[in-house]
Protein chains: 2
Amino acid sequence: MADIAQAAGVSVATVSKVVNGRGDVAPRTRARVQELLHQHRYLAPVFRHTEAIESPTIEVQFKGGLKSYVAEALEGIIDSAAELGASVVIGQASRAPHWARDLVSAGRRAVIAVTSVYTTAHLNELARAGLPLVVLDPLHLPDSRVNSVGATNFAGGLAATRHLLSLGHRRIAYLGGPTMAVCNQARMHGYRAAMEAEGAQVPDACVRPGEFTYETGLLGATELLGLQEPPTAIFAGNDEIALGVIETARARGLRVPEDLSVVGFDDTSLAQMASPPLTTVRQPLREMGGAALRTALRLARGEKAESHHIELATELVVRASTAPPREETSAHR
Amino acid sequence: MADIAQAAGVSVATVSKVVNGRGDVAPRTRARVQELLHQHRYLAPVFRHTEAIESPTIEVQFKGGLKSYVAEALEGIIDSAAELGASVVIGQASRAPHWARDLVSAGRRAVIAVTSVYTTAHLNELARAGLPLVVLDPLHLPDSRVNSVGATNFAGGLAATRHLLSLGHRRIAYLGGPTMAVCNQARMHGYRAAMEAEGAQVPDACVRPGEFTYETGLLGATELLGLQEPPTAIFAGNDEIALGVIETARARGLRVPEDLSVVGFDDTSLAQMASPPLTTVRQPLREMGGAALRTALRLARGEKAESHHIELATELVVRASTAPPREETSAHR
DNA sequence: CTGAAAGCGCTTACAG
DNA sequence: CTGAAAGCGCTTACAG
C-alpha cells in the first residue's frame, strides 16, 4: 500500500480510503489510485486468503427467467469453466448496499451478466470492489468500462431477410424486441438494409417493436396478419417471438410455411423443436458463453481483455418454416 | 488476542506463536492457550473474513444439456438459495479420484443432482467426504442413503389419461422415456391404470419406451401413426416427446387436436409455446428445486432431512392440443 | 521456552 | 479533500 501511495503521490491514508470505498476522496485522486491498485493487483487483506486456495469463482447473473437463450449460454460458460478449473456460481443480481464487495468477500473474482442492464451506479460499485464485469449480449451500447461478448446481429438480420427475399417475398415484416436493445436495433437495421438493397418497401406498419417473448409474437402477428396487405413473411427478433407468430398463424387457419414464412433468431433448442422446425439465425451461444468466461478469467487475473468487445458470427439455418410465397391473388386473405 | 494473553497469563507474542503453530512454545502453555482460543472462538485474521460471511455453498450437477426441465428446477433452487443466503455453484459431475473431497475443499456443503444416475461407488465417495446428496427427480428407485425430491408421476399419468378418456378417446398410446427410469414407469402405470379402469384396450404396440427427447417423439409417432389402427391420442412421457409428436403429425398433414390429441408431461415453457399450446401434466419444478435446496441445506447443517423422499403434486393443465376424437370412420386414415 | 520491543500493514479521528 | 499522527492487531528477531 505504501508503494501505491508513493506512486500515486498521496499518503497511505488516502489509499486506504480508496480501498475501503470511503466518500471523502476527490474523484480524480480516487481514479488515479484505483488504476494503480489494479496495476499492482492490490487485494485488501481480508481477501488475500481466499485468493490463495480457491479456484477462481465467477458469478453469473441473469434477469428474468432462465430461458433457453440464457441456459444455452450458461452451458458454454460451465463447460469452459470446467476445462479451465474455474467455478461458476449462479446468482441473482442483488441490490444490497455493498453487493459487489460482498461478492468479492464470498470469493467471486468476476461477474458475467447475461442480457442485463447495468447502470452507472452498478459499474461504480463494481469498480469500487475491483470486480470485473463481462456482459453477454449487452442491451446497451458498449460502455468503455464494460467488456462484452455479442454476435453479429446486423449480418444476421441481413441474412435472414435476404433469404426471404430470395424465396420471392416482398412484403416482409420485422417483429422485434425492445427498441433500446442494441441487438434488436442491429437486427432491424440488417433487415432494412436488405430490403432497401432489393428496392422492397418497408411500410411503417411492418416494423413492430415489442419484447423478446412469445406474447409479442402472438400479439404482433395478430396485428400484422390483420393488415389490409398482410406480409407474406415475418422475420421475428428471436425464436420465442417466432413461436408466437407460428401459433397465431395456426389459430387463424394459416399454414406455415405455405401461407406464411417465419424466420427466428438465436437458434435455441426451441427452434429445432418447433412445428414446423424453424428457419432461424444461429447465435453461437455456447461459444459466446465460453468467450465470456475466458474474458472474465483474464480480467480476474488482472490482465487486460484481448478486446473490449468480442463479436461472434451468426449463421442462417434453413429449416421448414420458410417457403416461396403463394401467388399474389391467394396471398390476399 | 490481548484478552487471551491476559487470561492465559502469557504475552501476546506467545499467543501469536500458538495461533501460527510455531514450535518454540512449551506444550503446557500451548494447551492452555489453545483451550482459551477455542473458548473465545478466536479465528486467525486470514480466516475471519471468509468464515464470517461465506454462506453455505451447494453444488448443483446435471447431466446432458441444460434443458428446460433442468433450467426450471434450477430457477427454483436459485430463488430459494437467494432467500436463505446460500450460494449455488453449478458444475459438471467429475470423475476424478477424490472428486467429493475436492468439492468439500472447494467449500461445497451439499450436492444436488438433477436427473442423474448415481452408482454405489459415487455414494461411497460422497459418504467418505461427508458430503450429503439430494437427487431431484431420481431415475433409480430411492436408495435409503439418498434423499430425493420428485413428483406424483403415477397420479399425473392417471390424470392425463383420464382426460383423454373423458374426451371420448379409446385408442390412446403411451410414448414414454427410458424403461428403467422410475418416473417413466410411474407415468406409464398411471396410464395403464386409467385405461384398465375404463375397460379400454392397451395393445402392446401402443406402449413405446424411448428417451425423453424430441427425436423419440418424432420416431415414435411415425411408428404409432403408421399402425393399422393408429391411436387417436398420444400421451407423451414429457413435453419434448410431445413436441416431436406434434411435428410428425403436422408433417403428415394431420392437425392437432382435430386429427390427433397430444398430452405432454412437465409443463416446461415449451408446453406454453408449442403450436398448438400443449395440454400437459404440470410438475411444480420450481417448488421441487426449492424443496431440494432446503433439504440440502438441512443436511449441510448436519440435521436430518424431514423426510427421505419428498413428492410434490402434479396437476393437469388443459390447453389446445386435446379435443374429442373424430368419428370412427374418418379416424381411419 | 518466554516476552519486551521493534516493526508491519493497515485504519481512523481530526486538524487544516 | 488531504495527510500527520495515533493506534490496532498482529508477527518476529532476539535477549534472556
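The values are calculated or read from the model by the stated rules, or taken from the named source; none is laboratory data. Owing to the predicted nature of the structure, the values given are computational and were not obtained by experimental measurement. Cβ atoms come from the backbone with ideal geometry, glycine included; neighbour counts cover every protein chain shown. In case anyone asks, the SASA skips ligands and DNA or RNA and just uses the protein heavy atoms, side chains included. Shrake-Rupley method; radii C 1.70, N 1.55, O 1.52, S 1.80 Å.
Points worth noting:
- Listed conditions (1) within 16 Å of DNA strand D (Cβ to nearest atom); (2) at the interface with chain B (Cβ under 10 Å from one of its Cβ atoms) are all met by A:GLY23, apart from (2).
- Filtered residues of region A:48-61 (kept if surrounded by fewer than 22 Cβ atoms within 10 Å (Cβ to Cβ) and either within 16 Å of DNA strand D (Cβ to nearest atom) or at pLDDT 90 or above (or both)): A:ARG48, A:HIS49, A:ALA52, A:GLN61
- Residue selected from region B:3-12 under the condition small (Gly, Ala, Ser) and open to solvent by 60 Å² or more (accessible area, probe 1.4 Å), by the criterion farthest from DNA strand D (Cβ to nearest atom): B:GLY9
- Just one residue in the set A:GLY244, A:GLY289, A:GLY217, A:GLY237 is of a type in the set (Gly, Ala, Ser), within 12 Å of chain B (Cβ to nearest Cβ) and touching a Phe, Trp or Tyr at 6+ places or on another chain (Cβ under 7 Å); that residue is A:GLY244.
- A count restricted to region B:271-286 and to residues that are surrounded by fewer than 24 Cβ atoms within 10 Å (Cβ to Cβ) and either touching a Phe, Trp or Tyr at 6+ places or on another chain (Cβ under 6 Å) or among the charged types (D, E, K, R) (or both) stands at 2.
- Of everything listed in (1) in contact (Cβ under 8 Å) with a residue 60 or more places away in the chain; (2) assigned to a helix (DSSP H, G or I); (3) within 12 Å of another protein chain (Cβ to nearest Cβ), the single unmet condition for B:GLU258 is (2).
- Qualifying residue in region A:26-47 (condition: within 16 Å of DNA strand D (Cβ to nearest atom), part of a loop (DSSP other than H, G, I, E, B) and surrounded by 16 or more Cβ atoms within 10 Å (Cβ to Cβ)): yes
- Residue match in region A:271-288 (condition: in a strand (DSSP E or B), at pLDDT 95 or above and within 24 Å of B:ALA242 (Cβ to Cβ)): yes
- Residue in region B:242-256 that is in the same structural domain as B:PRO325 (by TED's automatic domain parsing), among the small types (Gly, Ala, Ser) and within 16 Å of B:GLY177 (Cβ to Cβ) present: yes
- When residues in region B:289-333 are screened for being at pLDDT 95 or above, assigned to a loop (DSSP other than H, G, I, E, B) and more than 17 Å from the chain's Cα centre (by Cα), 8 of them pass.
- Residue selected from region A:261-270 under the condition within 14 Å of another protein chain (Cβ to nearest Cβ) and outside any loop (DSSP other than H, G, I, E, B), by the criterion farthest from A:GLY177 (Cα to Cα): A:SER269
- Only one of A:THR161, A:THR268, A:THR179 that is more than 30 Å from B:GLU258 (Cα to Cα), under 17 Å from the mean Cα position of the chain (by Cα) and in contact (Cβ under 8 Å) with a residue 24 or more places away in the chain: A:THR179
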